[in-house]
Amino acid sequence: MIGMRKLLQEIAVIPGVTGSCIFDKKEGALCKNLHQDLSGTNLETVGIHLIRLLQMGSMVGLAISSSHFRFDRYTVIGIPLDSDSVLITICDAQANCSLVATTAGMLAADMRDDMERDLSVTTSTEQEPESEAENNDEKEEDTFIQVQLDEVEQALASAIGPVAAVVMQDYLARWRQAGPSTSARVPELADMLLQEIGNPELARIFSERVRSIL
Amino acid sequence: MGQSNDNAGGRIGGVSLASFLQMLEQERKTCTLVVESEDRSGRLYFNEGDLIDAECGEDVGQEAVYTLLTWQGPSFRVTEGEDRLRRITLPLAHILLQAATRQDELQAGEEDKEQAPTASSPLESPAVRNNPALRKLVETIISIPEVRHYYLLNRQGKMITQSSSNTKLPDFITYSVVSGIQIRKVLKVKGPHRIQLNLENGDMLLVFPGAGMIIGLQLDGKASVSSVTAKLRPVLTRQVPR
């Protein structure tokens, strides 16, 4: 955490930077450094969309090193730290975004090295119980339930498009954490996925398809 | 690399550049031929024996080929093929004949006339052919040397025309725009005016979400965003029918 704060403090001094944040898909905003104009900003939404974009890029064969979204007042830069976390930097529209991205990228690379070092210490102690849990899941998830899950994903794709694969992975992880992977719990997963469908008509169609699957 | 190094290329056994291009065509090669002469260099791109693109300084496509064929005693080497936008639609034999004619006419002080592009020209696709604004847009995009491929989509993400056979990238481009819209709502701003995705191999994907369509450009590592945007600005402000 100290390393993350240090990273954000170093980014904050780059001319034009209005705010920055390290966002993790599972943990949310780990660390923030925002100017008061952005203090109320919901960076969770920004972080989730940036991470999904990076994941989708990976699925279509694009290894994205940074993403820049240019708006009228701000430019939002997302730099992946690992597969589940992203460094978000928000700059003024007039800022030298190339400089910001290059500098932030360099600092993020240093951070990434530190994170990998920390992760290798923590995962070596946690690895055995996790892999044991995964083995249990694999035994429980027989072919039939896998077919059901595939069909639920297809129904989701009809509603929200090709990002369904990425969204499904997210929700499957949470669903598995909440209980055993059984056919009886698939409706619970479908209810969770409904949150992703903004359009009521598409949500209704998705629910009907899931009912027919079950 | 030098002219005397057979492994690197150059005049291998007395083969001229034109002859080597024909050999690559006959062998159905997919490769990039890097041509160098003094302090100049250029590239010719082959896909399964078809010469699909070339670049030489500011020139791309056929003009670049004509320039390269005028160089005296160039050295050349074969490198890995690249996925490129097809700017060249004439068969190699026509281009070589055209190049020879241009050389003769240049000496005679006359102007050459280009042959009409074949049916596989990007400008001849049905979506583009009957739409002057779209045609102008595609012409402008093709003229930018750093463009590897382009994707033109309507606002619903449906493909209007694209230069690549990649069917997954249009969906990704659409999703990047959707992500931008979601971020816009959070930040309470207008846009996104432009989305830039830098890739680890140095290339870039540039997305312009316009009023009438979404333009996605795959650019090579030499591209300057401001330069590409400046070249596109005159055509981006036109209303392109959906």
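Bear in mind that the values in this text are calculations on the coordinates, not laboratory data. Here the structure is a predicted model, which is why all the values come from computation and not from measurement. A quick note on method: Cβ atoms are made from the backbone with ideal geometry, for glycine too, and the neighbour counts reach across all protein chains shown.
Rounded to the nearest 0.05, the FRET efficiency derived from the C-beta distance between A:Asp72 and A:Ser212 at R0 = 56 Å is 0.80. Stretching the chain fully between A:Met106 and A:Ile205 yields a gain of 31.0 nm (0.36 nm per residue, less the alpha carbon separation). The modelled label-to-label distance between A:Arg174 and B:Asp104, using points 7 Å beyond Cα along the C-beta direction, is 7.4 nm. Maximal additional length on extending the A:Ser158-A:Leu30 stretch stands at 42.7 nm, based on 0.36 nm per residue less the C-alpha distance. Largest first, the three principal axis extents of the alpha carbons in segment A:2-114 are 35, 33, 26 Å in whole numbers.
Length available on full extension from B:Ala18 to B:Gln182: 0.36 nm per residue minus the Cα-Cα distance, which gives 53.7 nm.
Here B:Asp203, B:Asp39 are placed in order of increasing Cβ neighbour count within 10 Å, fewest first, which gives B:Asp39, B:Asp203.
Sorting B:Glu38, A:Glu188 by the number of Cβ atoms found within 10 Å of their own Cβ, with the fewest placed first, yields B:Glu38, A:Glu188.
Take the Cβ-Cβ distance between A:Ala93 and A:Gln9 as r, set R0 to 22 Å, and report the resulting FRET efficiency rounded to the nearest 0.05. So the FRET efficiency works out to roughly 0.45.
Give me the compactness ratio for segment A:42-89, meaning the Cα radius of gyration over 2.2 N^0.38 Å.
Compactness ratio reported: 1.10.
Spread over its residues, the convex hull of the C-alpha atoms of segment B:122-236 is 107 Å³ per residue. Note on segment B:12-97: Rg/Rh from C-alpha atoms, Kirkwood Rh, equals 0.91. Taking label positions 7 Å along the Cα-Cβ direction at both B:Ser226 and B:Glu27, the computed distance is 4.4 nm, reported to one decimal.
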